[in-house]
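The values are calculated or read from the model by the stated rules, or taken from the named source; none is laboratory data. Everything numeric in this text was worked out from a predicted model, so none of it was measured. All Cβ positions, glycine included, derive from the backbone under ideal geometry; neighbour counts span all protein chains shown. The accessibility values were calculated without ligands, DNA or RNA, using every heavy atom of the protein model including side chains. Shrake-Rupley method; radii C 1.70, N 1.55, O 1.52, S 1.80 Å.
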Amino acid sequence: MEARLNLFGNALAAKFLRQINAAGKTVSDSPLPASTQELVKIRASQINGCGFCLDMHTKDAAHAGETAVRLNMIAAWREAKVFTEAERAALELAEQGTRIADAAGGVTDEAWANAAKHYDEDQLAALVTLIAMINAYNRLNVIVQQPAGDYEPGMFG
C-alpha cells in the first residue's frame, strides 16, 4: 500500500507539516498531562479511522508507560473503570469536538462544564487546540490513505 500523495516528500505539504508540528510542540509542552494528550489523540483517531495516527499514538503511549488495558479500553471508555474523571471529561470533549457534524449543536455545555471542572484555562486551551490539531492530522492521513504499521516511537524527532 502506498499513499496517494507523499506528504513528507512534497515541498508544499512538508512546509505545512512543519508548521502544524510546531503548533503541536506548543500543545505537547503545555500543562495538559501527556497521558491525557495521548488518550485524546487515540480516541479522535479511532473515530476518524486514521490508522497512521492510531499506530503512532498507541505506540508512543505504550512507550511512555501507558498500560495495554487502558489502550485497549479507549474506544469503550464510558464502560471502563480504568480512566479518571478528568480523563473521561477530556475523552467526551474529544468525541464531541471530533463529531461536530454529527451533532447539530456541536460541543454541549455539559461536556464543556465537565471539562472545566477538571482543567484550568491553559489546560482547556491545550485540550481544544489538541482536538483541532489531531483532527487535522487525521484528515490529512485519511485523504491520502497514509499506510500504517511501520511507526517506531521517536522516529519523527
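Below, the figures for the structure above:
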{"quantity": "Sulfur and carbon atoms: percent of accessible area, the chain [1.4 Å]", "calculated": "57"}
{"quantity": "Heavy atoms of V128 accessible to a 1.4 Å probe, total area in Å² rounded to 10", "calculated": "70"}
{"quantity": "For the chain, with +1 on Lys and Arg beta carbons and -1 on Asp and Glu, the positive-most of A113, G65, F52 along the dipole", "calculated": "F52"}
{"quantity": "Lys/Arg +1, Asp/Glu -1 at C-beta; segment 1-137 dipole; positive extreme among A126, G9, S35", "calculated": "G9"}
{"quantity": "For the chain: accessible area per residue (Å², 1.4 Å)", "calculated": "55"}
{"quantity": "Percent of C-alpha pairs per 5 Å bin, the chain, short to long", "calculated": "1, 9, 18, 23, 22, 15, 8, 4, 1, 0"}
{"quantity": "Global geometry of segment 1-72, whether rounded, prolate or oblate, following the gyration tensor of its Cα atoms and the 1.5 cut on a/c", "calculated": "oblate"}
{"quantity": "With Cα atoms, 0 to 90° folded angle of helix 51-63 axis to the chain main axis", "calculated": "60"}
{"quantity": "Along principal axes, Cα extents of segment 96-157, largest first, whole Å", "calculated": "39, 28, 14"}
{"quantity": "Paramagnetic reach from L5 (point 7 Å along Cα→Cβ, amide N under 13 Å) across segment 103-133", "calculated": "none"}
{"quantity": "Compactness of segment 47-136, expressed as Rg and Dmax over alpha-carbon positions, Å", "calculated": "13.3, 38"}
{"quantity": "Length added when fully stretched, T26-R78, from 0.36 nm per residue minus Cα-Cα", "calculated": "15.8 nm"}
{"quantity": "Cα-centred dipole magnitude for the chain, charges only on beta-carbon of K, R (+1) and D, E (-1), debye, nearest 20", "calculated": "380"}
{"quantity": "Gained length - V142 relative to I47, 0.36 nm times residue gap less alpha-carbon distance", "calculated": "33.0 nm"}
{"quantity": "Principal-axis tilt of helix 85-98 within the chain, Cα atoms, nearest 10 degrees", "calculated": "50"}
